[in-house]
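Undergrad: Just passing along the structure, written as structure tokens.
The values are calculated or read from the model by the stated rules, or taken from the named source; none is laboratory data. The structure displayed is predicted, hence computed values, not measured ones. With ideal geometry, Cβ positions are generated from the backbone for all residues, glycine too; neighbour counts draw on all protein chains shown. Areas reflect the complete protein model, heavy atoms only, side chains present, ligands, DNA and RNA absent. Shrake-Rupley method; radii C 1.70, N 1.55, O 1.52, S 1.80 Å.
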Amino acid sequence: FKAPSRDHPALYRDLLRTSRVHWIAEEPPAELVREKMMECHFRFRHQMALVPCVLTLNQDGSVWVTLVKPARAITPGQFAVFYKGDECLGSGKILRMGPSVYTLQQGKNREESPKKEEIDKIEPAT
């Protein structure tokens with residue numbers, strides 16, 4: 001897929017799934033085990049700014065990563081690296097991604113826009 005522009009909504013995603021995460025200090029963090037969810041930050045390119053996210057732990061040790069705002073050009077095979085403050089918690093390879101912002105917008109547009117037949121049924125106000 002080649003997007004028409006660098007900032008096309010098809011390049012943005014806010015959900016991804018990793019492989020089993022390699023945790024550095026504790027395996028996995030106690031908060032994540034206890035709550036099944038944990039707020040933290042992540043990045044998938046070395047120099048990029050940290051992005052706030054929520055991790056959801058899966059039984060196989062992988063995580064779903066829900067971003068607070070969609071990020072551009074996430075690609076399977078890259079590594080998602082997780083941070084809490086300055087501490088690196090661990091990382092997992094990105095395996096799957098949720099729908100793009102573009103796909104979600106298309107779905108929303110289909111749900112919201114009334115069909116022509118419905119518009120034709122509306123009586124003009126007299």
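Undergrad: Could you figure out which of (1) open to solvent by less than 50 Å² (accessible area, probe 1.4 Å); (2) without any contact (Cβ under 8 Å) to a residue 40 or more places away in the chain isn't true of Ala10?
TA: Going through (1) open to solvent by less than 50 Å² (accessible area, probe 1.4 Å); (2) without any contact (Cβ under 8 Å) to a residue 40 or more places away in the chain one by one, Ala10 breaks only (2).
Undergrad: What are the pairs with Cβ atoms under 9 angstrom where one residue, in the stretch 82-111, is touching a residue at least 24 places away in the same chain (Cβ under 8 Å) and within 25 Å of Glu27 (Cβ to Cβ) and the other, located anywhere, is in a helix (DSSP H, G or I) and open to solvent by 40 Å² or more (accessible area, probe 1.4 Å)? Sequence gap at least six, or different chains.
TA: Within 9 Å, the pairs are Lys84/Glu31.
Undergrad: Looking only at residues that are basic (Lys, Arg) and out of contact with any Gly (no Cβ under 9 Å at 6 or more places or on another chain) in the stretch 92-114, which one is modelled with the lowest pLDDT?
TA: Arg110
Undergrad: Taking the criterion of being of a type in the set (Asp, Glu) and more than 17 Å from Ser100 (Cβ to Cβ), would at least one residue in the stretch 9-25 satisfy it?
TA: Checking the stretch 9-25: not a single residue is of a type in the set (Asp, Glu) and more than 17 Å from Ser100 (Cβ to Cβ).
Undergrad: Determine which single condition Arg34 fails, assuming it passes every other condition in (1) open to solvent by 50 Å² or more (accessible area, probe 1.4 Å); (2) in contact with a helix residue (DSSP H, G or I) (Cβ under 6 Å, 6 or more places away or on another chain).
TA: (2)
Undergrad: May I ask you to verify whether Gly90 is surrounded by 14 or more Cβ atoms within 10 Å (Cβ to Cβ) and more than 14 Å from the chain's Cα centre (by Cα)?
TA: Yes; evaluated as a whole, the condition is true for this residue.
Undergrad: Taking the stretch 69-78 as the region of interest, how many residues are at negative phi and in contact (Cβ under 8 Å) with a residue 40 or more places away in the chain?
TA: Adding up the residues that qualify gives 5.
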